[in-house]
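Visitor: Dropping the structure in here first, questions after.
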Amino acid sequence: MKYSYKDYKHLLRLLAIFLLGVGVFLIARALFTPASFGEFGHYRGDSLRENMGFAAEYAGMAACKKCHEAVYTKKSKSKHKGLSCETCHGPALRHSLEPKKEKIVKPGSKDLCHLCHSINSVRRKDFPQVDFKKHNPGEDCLACHDSHDPL
Amino acid sequence: MDEIIRVLFEYLGKVQGFIYPNEIELHWSILIVLYPFITGLVAGAFILASLERVFNVKEVKPTYRLALLTALAFLLIAPMPLNIHLGHPERALEILFTPHLSSAMAIFGFVYIWYLMVVLVVEIWLDYRKDIVILAQSEKGIKKYIYQAMALWSYNISPEALELDDKIGKFVTIIGVPSAFLLHGYVGFIFGSIKANPWWSSPLMPVIFIFSAMVSGIALVMLIYMIVSWLRKVVIDMNCLDTIGRYLLYAFIIDFSLETLDLIHRFYESNEAFGALAMLMSGKLHISLLIVQIALGTLVPITLLSIIQLIKVKPEIRKPMYFSAGMLTLIGIFAMRWNVVIGGQLFSKSFRGFTTYKLELIGKEGLMTAAALIILPVIILAVLIYLFPPFAKETGE
């Protein structure tokens, strides 16, 4: 052997540092991997429970029917029958549980109608669209259209 | 609810045509543009350094150490844009602890550590060991201890020890070249493997990334070499500069051919996404792709570099030509990363609409953060040059 120990002493030290690094990694891995990791799959099991912990916000259309029978029936026969109440009124689970206490929005601005009915060339041609600059500008849409039965 | 509708309605102003709600806002910002840009510089600088070591291109020797230090300075910053973007430094390590073969992203940490610790730091250490030992013995005070620690308290610089260092250094460089390819090819793979995005999804992506990395890294080291020489008031080694310029040209031609191939392929294939992509190229990316990336950032530098190859140009004129070619190259490659990352998020998966990217000035993902992340490696490089003068060898021999 051409080289003696003192010629590669520094290299052995480097190797030792490298192994030390691997060791530190393994220890850190054992310490810091979340406890619930891998419980259900390759992720932190607790994240499921954390998400389950979030309060629900939406009640669904069936819930509204119980107290707003009239609006419900009217809407289900109208052109807007495909829309869920909460699309326009926002999440309303809390309102459904405590209607007197939890206020719900009555959307008033015409931006609401814009979102779906403004002219847009990429919408399906047979979807009703109006040019907001020409279709009775300045007037409230709701003056002529009932949002629960628009035509 | 009215508030939500109002805000949503405002956002619609950023949007043309039909777009899904989760596509209005870009998720990957300028920070994610910086990430491939910076790693590209690292890989490119390293490959330039290995030209000397592995491929025996002796002319570029004056830039060998400079290139290594540049690679190190930028590599230290490379993960920062990602960490800032994700915003949870306390969780950032978890991805490393729990890698999975099905996720390319989790591999980054390993590719990074491998490249930083095993390749770059070891190679620089071996190359500098003699200098470090000498400094550890000659310096005083705090610096002495720093150098002593860096020498691992082993001060043997006998010819045998140095010969051994050199052998191992060469071996590490030989591992380093594929590692540099791996590092940046990997970054390209991250984009190229996203099958849901037709702008990204392409097996050519890693290859294009590697060659554009070489282009940007070589250009960067060339610029740094020129600037540092001016600052030190020493003569630029024209032979070295010409050689770098030549390799820059070669890498550039391959890079440009690959990118053109990619474009031609898209045009010829004209798949269902092509309409949207063509509109993207001629519309939203008109300036950053056609003008900045292709015209200013590619064709002009290639022309400048070719002129030098084809006709005899005086050194006084060659220098500014190299300098402007290098600057334009960096701008062009940055634009290329921009067009990939930002461009890939501007169109809807429905292929029927586009959104707009608004770059904010301040804020976590803003222009200021990005600027800081570009300046930081330059400062680190200055410190590294101060600690490990890369010029000693060149004047000493």
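The values are calculated or read from the model by the stated rules, or taken from the named source; none is laboratory data. Just so we're clear, the structure is a prediction, and the values are computed from it rather than from any experiment. No Cβ is skipped: glycine too gets one built from the backbone with ideal geometry, and neighbour counts run over all protein chains shown. Side chains are part of the model used for accessible areas, which takes the heavy atoms of the whole protein and leaves out ligands, DNA and RNA. Shrake-Rupley method; radii C 1.70, N 1.55, O 1.52, S 1.80 Å.
Visitor: Looking at segment A:12-43, which of its residues are open to solvent by 60 Å² or more (accessible area, probe 1.4 Å), more than 9 Å from chain B (Cβ to nearest Cβ), more than 17 Å from B:Glu90 (Cβ to Cβ) and not in a helix (DSSP H, G or I)?
Guide: Residues satisfying the conditions are A:Glu39, A:Phe40.
Visitor: Can you go through A:Lys81, A:Lys6 and tell me which one is within 9 Å of another protein chain (Cβ to nearest Cβ), without any contact (Cβ under 8 Å) to a residue 12 or more places away in the chain, among the charged types (D, E, K, R) and over 30 Å from B:Phe97 (Cβ atoms)?
Guide: On inspection, the qualifying residue turns out to be A:Lys6.
Visitor: Report the residue count in segment B:11-43 for those that are closer than 19 Å to A:Ser121 by Cα and either surrounded by fewer than 18 Cβ atoms within 10 Å (Cβ to Cβ) or small (Gly, Ala, Ser) (or both).
Guide: 10
Visitor: Across segment B:71-114, what is the total count of residues that are without any contact (Cβ under 8 Å) to a residue 40 or more places away in the chain and part of a helix (DSSP H, G or I)?
Guide: 14
Residue by residue, here is whether (1) touching a helix residue (DSSP H, G or I) at 6+ places or on another chain (Cβ under 6 Å); (2) away from every other protein chain (no Cβ under 14 Å); (3) part of a helix (DSSP H, G or I); (4) of a type in the set (Ser, Thr, Tyr) holds:
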| residue | (1), (2), (3), (4) |
| --- | --- |
| B:Glu3 | no, no, yes, no |
| B:Val7 | no, no, yes, no |
| B:Glu10 | no, no, yes, no |
| B:Asn22 | no, yes, yes, no |
| B:Trp28 | yes, yes, no, no |
| B:Leu31 | yes, yes, yes, no |
| B:Ile38 | yes, yes, yes, no |
| B:Leu41 | yes, yes, yes, no |
| B:Gly44 | yes, yes, yes, no |
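Visitor: A:Lys133: open to solvent by 80 Å² or more (accessible area, probe 1.4 Å), under 29 Å from B:Ser350 (Cβ atoms), modelled with pLDDT under 90 and more than 14 Å from every other protein chain (Cβ to nearest Cβ), yes or no?
Guide: Criteria met by A:Lys133.
Visitor: For residues that are basic (Lys, Arg) and either in contact with an Asp or Glu (Cβ under 9 Å, 6 or more places away or on another chain) or in contact (Cβ under 8 Å) with a residue 40 or more places away in the chain (or both), tally how many sit in segment B:230-275.
Guide: 2
Visitor: Looking at A:Ala59, A:Ala92, A:Ala70, can you tell me which residue is more than 12 Å from chain B (Cβ to nearest Cβ) and touching a residue at least 12 places away in the same chain (Cβ under 8 Å)?
Guide: Just a single option satisfies the conditions, and that option is A:Ala59.
Visitor: Now a separate question. With the condition kept exactly as written, say whether any residue in segment B:322-342 is out of contact with any helix residue (DSSP H, G or I) (no Cβ under 6 Å at 6 or more places or on another chain), buried (at least 19 other Cβ atoms within 10 Å of the Cβ) and part of a loop (DSSP other than H, G, I, E, B).
Guide: Scanning segment B:322-342 turns up at least one residue that is out of contact with any helix residue (DSSP H, G or I) (no Cβ under 6 Å at 6 or more places or on another chain), buried (at least 19 other Cβ atoms within 10 Å of the Cβ) and part of a loop (DSSP other than H, G, I, E, B).
Visitor: For B:Glu163, only one of the following conditions fails: (1) more than 18 Å from B:Leu330 (Cα to Cα); (2) acidic (Asp, Glu); (3) open to solvent by less than 40 Å² (accessible area, probe 1.4 Å). What is its number?
Guide: Evaluating B:Glu163 over (1) more than 18 Å from B:Leu330 (Cα to Cα); (2) acidic (Asp, Glu); (3) open to solvent by less than 40 Å² (accessible area, probe 1.4 Å) leaves (3) as the failure.
Visitor: Mind checking whether some residue in segment B:145-158 is open to solvent by 20 Å² or more (accessible area, probe 1.4 Å), modelled with pLDDT of 90 or more and away from chain A (no Cβ under 14 Å)?
Guide: yes
Visitor: Something else about it: Exactly one condition in (1) in contact (Cβ under 8 Å) with a residue 60 or more places away in the chain; (2) closer than 18 Å to B:Gly245 by Cβ is false for B:Phe211; which is it?
Guide: With (1) in contact (Cβ under 8 Å) with a residue 60 or more places away in the chain; (2) closer than 18 Å to B:Gly245 by Cβ applied to B:Phe211, the lone miss is (1).
Visitor: Consider segment B:110-129. How many of its residues are of a type outside the set (A, V, I, L, M), more than 10 Å from every other protein chain (Cβ to nearest Cβ) and open to solvent by less than 10 Å² (accessible area, probe 1.4 Å)?
Guide: Going through segment B:110-129 one residue at a time, the tally reaches 3.
Visitor: Where residues in segment A:46-68 are part of a loop (DSSP other than H, G, I, E, B) and open to solvent by 70 Å² or more (accessible area, probe 1.4 Å), which of them is farthest from A:Thr87 (Cα to Cα)?
Guide: Filtering segment A:46-68 for residues that are part of a loop (DSSP other than H, G, I, E, B) and open to solvent by 70 Å² or more (accessible area, probe 1.4 Å), the one farthest from A:Thr87 (Cα to Cα) comes out as A:Phe54.
Visitor: Here's something else I'd like to know. Quickly run through segment A:49-82 and pick out the residues that are under 9 Å from A:Asp149 (Cα atoms) and modelled with pLDDT under 90.
Guide: none
Visitor: Are there helices (runs of 4 or more DSSP H) fully within segment B:198-297 with at least 2 residues that are touching a helix residue (DSSP H, G or I) at 6+ places or on another chain (Cβ under 8 Å) and among the β-branched types (Val, Ile, Thr)? List them.
Guide: So the answer is B:205-232, B:238-269.
Visitor: Among the residues of segment A:69-115 satisfying the criterion of being assigned to a helix (DSSP H, G or I) and in contact with a strand residue (DSSP E or B) (Cβ under 8 Å, 6 or more places away or on another chain), which is surrounded by the most Cβ atoms within 10 Å (Cβ to Cβ)?
Guide: Filtering first and then ranking leaves A:Lys75.
Visitor: Additional query: Give the residues of segment B:94-105 that are surrounded by 15 or more Cβ atoms within 10 Å (Cβ to Cβ) and either at the interface with another protein chain (Cβ under 10 Å from one of its Cβ atoms) or in contact with a strand residue (DSSP E or B) (Cβ under 7 Å, 6 or more places away or on another chain) (or both), sorted by residue number.
Guide: B:Glu94, B:Leu96, B:Phe97, B:Thr98, B:Pro99
Visitor: Ok, one more. Quick check, is B:Val207 open to solvent by 30 Å² or more (accessible area, probe 1.4 Å) and of a type in the set (A, V, I, L, M)?
Guide: Taking the combined requirement at face value, the residue satisfies it.
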